[in-house]
Every structure is written in C-alpha cells, then in structure tokens.
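Trainee: First the structure, then my questions, so here it is.
The values are calculated or read from the model by the stated rules, or taken from the named source; none is laboratory data. These numbers were taken from a predicted model, which means no experiment stands behind them. Methodologically, a virtual Cβ is constructed for each residue, glycine included, from the backbone with ideal geometry; neighbour enumeration extends over all protein chains shown. Areas reflect the complete protein model, heavy atoms only, side chains present, ligands, DNA and RNA absent. Shrake-Rupley method; radii C 1.70, N 1.55, O 1.52, S 1.80 Å.
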Amino acid sequence: MYVELHCHSNFSFLDGASHVEELVLQARALGYPALALTDHNGLYGAMEFAQAARAWGIQPITGAEVTLASGHHLTLLAASREGYANLCRMLTRAHLDNERLNPSVAPDVLARHSAGLIALSGCRQGEVPALITQGKYRQAVEAASRYLELFGTENFYIELQRNL
C-alpha cells in the first residue's frame, strides 16, 4: 500500500499548485488510506487539510518541509501530539529567529524539538541527497547517521523520489 508522505499544496508557493481538497480527493481516487501535507516552512493549510481528509475518509498526516540553517531541506512528520507541538515550536523559532521570508531551523532548535517527529531525508535539496548527488558518499553516510542519532532508528528514513 502506498501513502504519499511528501506533498505540497498551493501554500508552498512555486512548488505546489493544488488546493488541499483537490489533493485529498486525488488521494481518495488513488485509494490512499492516508496522505501527508508537507508545505514549506509552515503549517498553513494543516487545519483545512485535516478537516478535508477526515471528511473524505483519508487519515491526515501533518508535516512540513523545513529549511535548515545550512540551507538544506528536511521533511518532518508529526507522529504524535508531542511531535505536532514540537513542529509548531520549531517553525515558530525558524520564522522569529530569521529575516522575514527566510525562515530556517537552527541545529540546536532541531535537536531540542525532535521528539515525536519522523524525519525524511528530503528532496534533492536535502543534505543526504545533495551529498550523494555530489559524489560525497562518506559525508552522506555521516549526515544520515546524525539524523538517525537525533530522531532514532525508527524515525528517520531515506526518501526516494522519482523526478520526471
């Protein structure tokens, strides 16, 4: 069974175009039991998404693709209430601690608020995929090891993407 865990809505400007309800309806048409909404650096459509997903019988998974202080992306999914609260705190700090329109998560903030979250290595702009693309395999393994240590072996996954 397939579940999309990295999905952007029209709230991710220049990266997603579909409205939340359109995404939910497409997930239902494809027979997905669940769907994650992971807009960039915010939970802008999270409430609308959760309501639409539940209304159409889809389990909503709340998340965000955050920009780290290094400029890399990391996809985070709330696995519990604690995870949702930590994701909210992390995103708030990312916006308050940086210039307007350039939120980023500092390493210490990521470490403090990692409980209850599942991390995916991210898109091509994720640290691990970017290092692999550059042929820096040892550094990619070291980066993945840091995320494994931070989130735990049950809560960090390498994200595979097919770019057409």
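Trainee: Please list 153-161, 60-68 highest first by mean number of surrounding beta-carbon atoms within 10 Å per residue. Show your work: numbers first, answer last.
Mentor: Working: 153-161: 14.0, 60-68: 22.8.
Most protected by this proxy first, the peptides run 60-68, 153-161.
Trainee: Could you work out [θ]222 nm for the chain from helices alone, using -39500 (n - 2.57) per DSSP H run of at least four and dividing by all its residues? Round to the nearest 500 deg cm²/dmol. Intermediate results must be reported in sequence, preceding the final value.
Mentor: Values: 6 runs with 64 residues, N = 164.
Value at 222 nm, helices only: -11500 deg cm²/dmol.
Trainee: Let me ask something else. Report the one residue of ASN155, PRO107, GLN139 whose Cα lies farthest in the direction of the positive end of the charge dipole of the chain (charges on C-beta: Lys and Arg +1, Asp and Glu -1; origin at the Cα centre).
Mentor: The one lying farthest along the dipole's positive direction is GLN139.
Trainee: Continuing with this model, one more query. Counting pairs of alpha carbon atoms under 8 Å apart in space and at least six apart in sequence, what relative contact order in percent does the range 11-164 give?
Mentor: Value for the range 11-164: 17 percent.
Trainee: Sticking with this one: Of the heavy-atom accessible surface of the chain (probe 1.4 angstrom), what whole percent is carbon and sulfur?
Mentor: Carbon plus sulfur share of accessible area: 54 percent.
Trainee: Next question, about the same structure. Indicate the gyration tensor shape class of the range 54-136 (rounded, prolate or oblate), computed on the Cα atoms with a ≥ b ≥ c the square roots of the eigenvalues: a/c under 1.5 is rounded; otherwise a/b larger than b/c is prolate and the rest oblate.
Mentor: oblate
Trainee: Would you kindly find the accessible area of ARG89, with a 1.4 Å probe and non-protein molecules such as ligands, DNA and RNA excluded, rounding to the nearest 10 Å²?
Mentor: 120 Å²
Trainee: To continue, here is another question. Sort the range 97-164 into rounded, prolate or oblate with this rule: let a ≥ b ≥ c be the square roots of the eigenvalues of the Cα gyration tensor; rounded if a/c is under 1.5, and if a/c is not under 1.5, prolate when a/b is larger than b/c, oblate otherwise.
Mentor: Details: a/c = 1.67, a/b = 1.21, b/c = 1.38.
Note, shape of the range 97-164 comes out oblate.
Trainee: Consider a paramagnetic label point 7 Å from the Cα of TYR2 along Cα→Cβ; state which residues of the range 16-51 have an amide N under 13 Å from it.
Mentor: So the set is 27-33.
Trainee: In Å², what does the accessible area per residue of the chain work out to with a 1.4 Å probe?
Mentor: Heavy-atom accessible area per residue stands at 57 Å².
Trainee: Using Cα pairs closer than 8 Å and at least 6 residues apart in sequence, work out the relative contact order for the range 92-164, in percent.
Mentor: Relative contact order, the range 92-164: 29 percent.
Trainee: Expressed in nm to one decimal, what extension gain is obtained for the pair LEU30 and LEU160 from 0.36 nm per residue of sequence separation less their Cα-Cα distance?
Mentor: Result: 44.8 nm gained on full extension.
Trainee: Let me ask something else about it. Subtract the Cα-Cα distance of ALA55 and THR92 from 0.36 nm times their separation in residues, and report this length gain in nm to one decimal.
Mentor: 10.5 nm
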